[in-house]
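Colleague: Shown below is the structure under consideration.
The values are calculated or read from the model by the stated rules, or taken from the named source; none is laboratory data. These numbers come from a predicted model, not from an experiment. Glycine gets a Cβ as well: all are built from the backbone with ideal geometry, and neighbour counts include every protein chain shown. Calculation scope for accessible area: heavy atoms of the full protein, side chains included, ligands and nucleic acids excluded. Shrake-Rupley method; radii C 1.70, N 1.55, O 1.52, S 1.80 Å.
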Amino acid sequence: MRSLYVLTVTLHVLAAVTWLGGMVAFALLAPVLRRVGDAAERQALFQTLGERFRVVGWVCIAVLVVTGVGQLQMRGWWGAAFWGARDLWSSALGHALAGKLLTVAFMLVVQAVHDFHFGPKAGRVASGTGEALSLRRTAARLARVNAVVGVALVYFAVRLARGG
């Protein structure tokens, strides 16, 4: 059982590093890539990169959710008895768990809005237009928000791993 738990934690950490690392890489590369070619080339480049990372990102998110639930089960933190324990939610551990779960929920919403609405829409409108620029800025802001949320998620994960 211990080996399975360690494997689950390892997969969880690797998925988190890949997801958050990809967002940080995008944030660092975007200013450089904005100087490449004309508006249409940049739009195509960002659309292609976004579509490829979208798949990787959502696979990572799926791995994070599955391994996260698995960790909760293996630690005995699953079921009504655990979630309904009055003392849990007022403890440091409960605060860390609540922070992590709320952060995950927020991250999923922001990621979905970015990946399935603003990102694709920015890739479909005519490049160089005001609408395209506005959509790209909104998508970029959402990506930055999610990167910050990812850092907060790491913070809550460390607190949780250390008992609150």
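Colleague: Name every residue in the stretch 40-60 that is of a type in the set (D, E, K, R) and surrounded by 13 or more Cβ atoms within 10 Å (Cβ to Cβ), in order of residue number. Reasoning before the result, please.
Modeller: Step one: filter the stretch 40-60 for residues of a type in the set (D, E, K, R), giving 41-42, 51-52, 54.
Of everything in the stretch 40-60, those that are of a type in the set (D, E, K, R) and surrounded by 13 or more Cβ atoms within 10 Å (Cβ to Cβ) turn out to be R42, E51, R54.
Colleague: Which pairs do you get when a residue that is part of a helix (DSSP H, G or I), found in the stretch 1-23, comes within reach of a residue that is open to solvent by 70 Å² or more (accessible area, probe 1.4 Å) and charged (D, E, K, R), reach meaning Cβ atoms under 9 angstrom, with the pair 6+ apart or on two chains?
Modeller: If the second residue must be open to solvent by 70 Å² or more (accessible area, probe 1.4 Å) and charged (D, E, K, R), the pairs left are Y5/R75; M23/R144.
Colleague: Open to solvent by 70 Å² or more (accessible area, probe 1.4 Å), of a type outside the set (A, V, I, L, M, F, W, C), outside any helix (DSSP H, G or I) and more than 30 Å from S134 (Cα to Cα) - does that describe any residue in the stretch 61-76?
Modeller: yes
Colleague: Going residue by residue through the stretch 12-20, is there one that turns out to be over 16 Å from A140 (Cα atoms), buried (at least 16 other Cβ atoms within 10 Å of the Cβ) and aliphatic (A, V, I, L, M)?
Modeller: yes
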